[in-house]
1. When you go through (1) part of a helix (DSSP H, G or I); (2) modelled with pLDDT of 95 or more one by one for residue 237, which number turns out not to apply?
2. Give the residues of segment 93-121 that are in a loop (DSSP other than H, G, I, E, B) and out of contact with any strand residue (DSSP E or B) (no Cβ under 7 Å at 6 or more places or on another chain), sorted by residue number.
3. Sort through 87, 124 and tell me the only one that's under 27 Å from residue 269 (Cα atoms) and more than 16 Å from ligand 2 (Cβ to nearest atom).
4. Considering only residues that are surrounded by fewer than 18 Cβ atoms within 10 Å (Cβ to Cβ), in contact with a strand residue (DSSP E or B) (Cβ under 9 Å, 6 or more places away or on another chain) and over 19 Å from residue 23 (Cβ atoms), which ones fall in segment 58-81?
5. So, in segment 24-44, exactly how many residues are within 27 Å of the chain's Cα centre (by Cα) and at pLDDT 90 or above?
6. Would you point out the residue of segment 47-80, among those that are modelled with pLDDT of 90 or more and within 15 Å of ligand 2 (Cβ to nearest atom), that is farthest from residue 29 (Cα to Cα)?
7. Looking only at residues that are more than 16 Å from ligand 2 (Cβ to nearest atom) and surrounded by 13 or more Cβ atoms within 10 Å (Cβ to Cβ) in segment 21-39, which one is farthest from residue 78 (Cα to Cα)?
Ligand code: ADP
Ligand code: MG
């Protein structure tokens with residue numbers, strides 16, 4: 001059996017007491033936790049070792065740990081420590097209290113100004129990662145959390161890749177990500193550039209924030225993939241021309257001509273209201 005699961009024991013190595021479930025994803029459950037000594041709150045991501053081994057994910061998890069340990073950024077969730085029991089691995093993380101951006105969206109789309117604020121914070125995190133050769137590869141509103149000030153934090157580096165893992169042609173080959181956010185070149189299985197794939201999913205996120213729905217969607221997965229590969233989407237009438245232009249630059253099916261993060265940072269819609277010099281650093 002799963003062997004004295006931590007839920008029953010309540011105590012994680014005498015260091016953390018687990019509370020309610022904060023969220024779950026494809027591979028993990030995340031619980032609220034309290035540091036027994038300091039009384040401080042944290043979030044603990046629990047991953048079953050069995051699932052890791054069965055899924056051949058040991059290398060991914062190791063990578064997630066080493067990547068997250070290296071990242072220190074105001075818009076990236078901080079990993080504080082990694083613990084393990086016989087059956088599970090636990091990631092102790094900074095607690096982000098405001099929930100997923102995804103659940104805010106279910107109450108309706110955002111204004112262009114609010115979308116811009118979230119998007120600027122997302123790009124600041126992505127730009128930081130890319131400059132260190134780290135690609136997230138699973139950027140979507142479920143992995144974007146909001147803190148108590150309403151600021152965005154990127155989490156879940158479970159699928160991220162480091163640039164030293166690329167093949168001899170310098171391209172990544174793993175099929176990953178979430179269907180609606182996946183870039184056309186991944187579907188084409190020809191190998192891809194991790195940075196361009198993140199830009200594509202940032203484009204989907206930007207669309208979703210402003211529209212309240214996905215640009216490429218279909219109950220039939222194959223039909224959705226077809227739309228993605230053809231770049232078949234329409235901006236709603238309420239998008240400003242500047243926003244439409246930027247989205248067109250991000251959801252360009254050709255990774256060669258698609259915007260880079262540096263180009264996004266120079267975009268007029270993106271820069272509106274920014275105290276440029278301080279941010280661009
Ligand atoms: P998976 O790899 O299985 O997708 P995630 O790391 O995305 O797991 O975590 C699953 C969910 O748990 C997230 O979508 C979010 O709702 C919640 N969560 C993750 N990390 C935190 C955190 N640091 N603080 C608060 N909630 C979190
Ligand atoms: Mg996730």
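1. Condition (1) is where residue 237 drops out.
2. Correct list: 97, 106, 107, 108, 109, 110, 111.
3. 124
4. 65, 66, 69, 70, 73, 74, 81
5. Filtering segment 24-44 for residues within 27 Å of the chain's Cα centre (by Cα) gives 24-35, 40-44.
Right, trim to at pLDDT 90 or above and you get 29-35, 40-44.
So the answer is 12.
6. Looking at residues that are modelled with pLDDT of 90 or more and within 15 Å of ligand 2 (Cβ to nearest atom), I get 76.
7. Out of the qualifying residues, it is 36.
The values are calculated or read from the model by the stated rules, or taken from the named source; none is laboratory data. Note that the structure is predicted; figures quoted are calculated from it, not measured. A quick note on method: Cβ atoms are made from the backbone with ideal geometry, for glycine too, and the neighbour counts reach across all protein chains shown.
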